[in-house]
Ligand SMILES: *Cc1c(COP(=O)(O)O)cnc(C)c1O
């Protein structure tokens, strides 16, 4: 018997995450619609991926035009969108060279490989990359091993070796781990999945000095914090310290799978045959990336992100004061609200019933990652919806 596509039977999908019984059918800007036509204000945005909201016109147009022109000539050949995007990224960052991939984890795998290669060339025997407790770098075996999520050390044992864990914002705990095998330190400027914990400026500057002192590479995983999310094009700009290697993902493609590994000249040491991927630098997703970058770099765009972030943070602080909740933290439009209780999942469910999509990275806090081009009115609408939800919790 033929299965009809509109019956709701999720049994054929691997249940890798607990999903609500909603099927989304359409998105536009800050909004999503389900199959029944119900509208939701979306503050998840594909997990901080849709930096310009759902189906933004510039990305749709770039994809349509590129799809008609050239989808994939193979990574063995040059193509125009990849060249253009690599140039945009190097012109607007401290980096010199780019390797494109499809997911954040894949870009981070590349960063790990690049650091190990650099170690082989310049620090024989060094391969360890110091990472952080509660850090998140992706779901491949190496990036899970680099992550500090509780329980991940044994989930698919044995781990990939070489990722000693330091404590977040604790420079001494990093220094204590530096040894003859250390080749790099890798961090998220704001720990996102951990619950939005920004690195202190002094901590990052201390890491930079420590790396210089011991000739280590500093790797910034900007998969979540990059591409305007924290109010500057890249979060490292707010720290007065440049990384040697940086990874991007999420917002870079504006919703399509695109990520990047970037490196300064001095450590861009891959030789032909050491890194690759069938979809690397395909013109379809790179064309989307070019459209995204042009939007982020347009006059006033990042200033508007900072303003929206300020508006949202102030609104959350007002809610926190009114309902006796905890701290508001984050940068730009990557914010978290501490609840002071472990009912974040309940808040997320109630919010969905009120037409607001939220994310709870931990049982005790909510994370907010709206479209970067959210209007003042949309942010007010979201805050009003969240207030209604908090009233039902009281
Ligand atoms: C989301 C994320 C990743 C993983 O990206 P995927 O595209 O899911 O592989 C890696 N690092 C950070 C900081 C992230 O937020």
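The values are calculated or read from the model by the stated rules, or taken from the named source; none is laboratory data. Just so it is clear, the model here is predicted, and its values are computed rather than measured. With ideal geometry, Cβ positions are generated from the backbone for all residues, glycine too; neighbour counts draw on all protein chains shown.
Here is a yes/no grid of residues against (1) crowded, with 24+ Cβ neighbours inside 10 Å; (2) closer than 28 Å to residue 46 by Cα; (3) within 15 Å of the ligand (Cβ to nearest atom); (4) not assigned by TED's automatic domain parsing to the domain that holds residue 236:
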| position | (1), (2), (3), (4) |
| --- | --- |
| 95 | yes, yes, no, no |
| 111 | yes, yes, yes, no |
| 122 | no, no, no, no |
| 130 | yes, no, no, no |
Sort out which residues of the range 308-321 are without any contact (Cβ under 8 Å) to a residue 24 or more places away in the chain, under 24 Å from residue 227 (Cα atoms) and surrounded by fewer than 18 Cβ atoms within 10 Å (Cβ to Cβ), and write them in order of number.
310, 314
Residue ID - nearest to the ligand (Cβ to nearest atom), chosen from residues in the range 220-247 that are over 23 Å from residue 373 (Cα atoms) and part of a loop (DSSP other than H, G, I, E, B)
243
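Could you tell me how many of the residues in the range 170-188 are surrounded by fewer than 18 Cβ atoms within 10 Å (Cβ to Cβ) and under 23 Å from residue 224 (Cβ atoms)?
Summing the residues that are surrounded by fewer than 18 Cβ atoms within 10 Å (Cβ to Cβ) and under 23 Å from residue 224 (Cβ atoms) in the range 170-188 gives 2.
Condition first: surrounded by fewer than 19 Cβ atoms within 10 Å (Cβ to Cβ) and outside any loop (DSSP other than H, G, I, E, B). Now tell me which residues in the range 362-382 satisfy that.
362, 376, 377, 380, 381
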Selection from the range 21-33 of residues surrounded by 15 or more Cβ atoms within 10 Å (Cβ to Cβ) and free of Cβ contacts under 8 Å to residues at least 24 places away in the same chain yields 31, 33
Check the range 278-290 and report whether any residue there is surrounded by fewer than 16 Cβ atoms within 10 Å (Cβ to Cβ), touching a residue at least 60 places away in the same chain (Cβ under 8 Å) and away from the ligand (no atom under 16 Å from the Cβ).
yes
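Considering 62, 105, 82, 126, which residue is in contact with a helix residue (DSSP H, G or I) (Cβ under 7 Å, 6 or more places away or on another chain), in a loop (DSSP other than H, G, I, E, B) and either in contact (Cβ under 8 Å) with a residue 24 or more places away in the chain or within 13 Å of the ligand (Cβ to nearest atom) (or both)? First the steps, then the outcome.
On the way: 62 fails: in a loop (DSSP other than H, G, I, E, B); 105 fails: in a loop (DSSP other than H, G, I, E, B); 82 fails: in a loop (DSSP other than H, G, I, E, B).
Answer to the check: 126.
Given the structure, is residue 118 in the same structural domain as residue 201 (by TED's automatic domain parsing), without any contact (Cβ under 8 Å) to a residue 24 or more places away in the chain and either within 16 Å of the ligand (Cβ to nearest atom) or surrounded by 16 or more Cβ atoms within 10 Å (Cβ to Cβ) (or both)? If you could, list the steps in order and put the result at the bottom.
On the way: in the same structural domain as residue 201 (by TED's automatic domain parsing): yes; without any contact (Cβ under 8 Å) to a residue 24 or more places away in the chain: no; either within 16 Å of the ligand (Cβ to nearest atom) or surrounded by 16 or more Cβ atoms within 10 Å (Cβ to Cβ) (or both): yes.
Considered against the rule, which asks whether it is in the same structural domain as residue 201 (by TED's automatic domain parsing), without any contact (Cβ under 8 Å) to a residue 24 or more places away in the chain and either within 16 Å of the ligand (Cβ to nearest atom) or surrounded by 16 or more Cβ atoms within 10 Å (Cβ to Cβ) (or both), residue 118 comes out as no.
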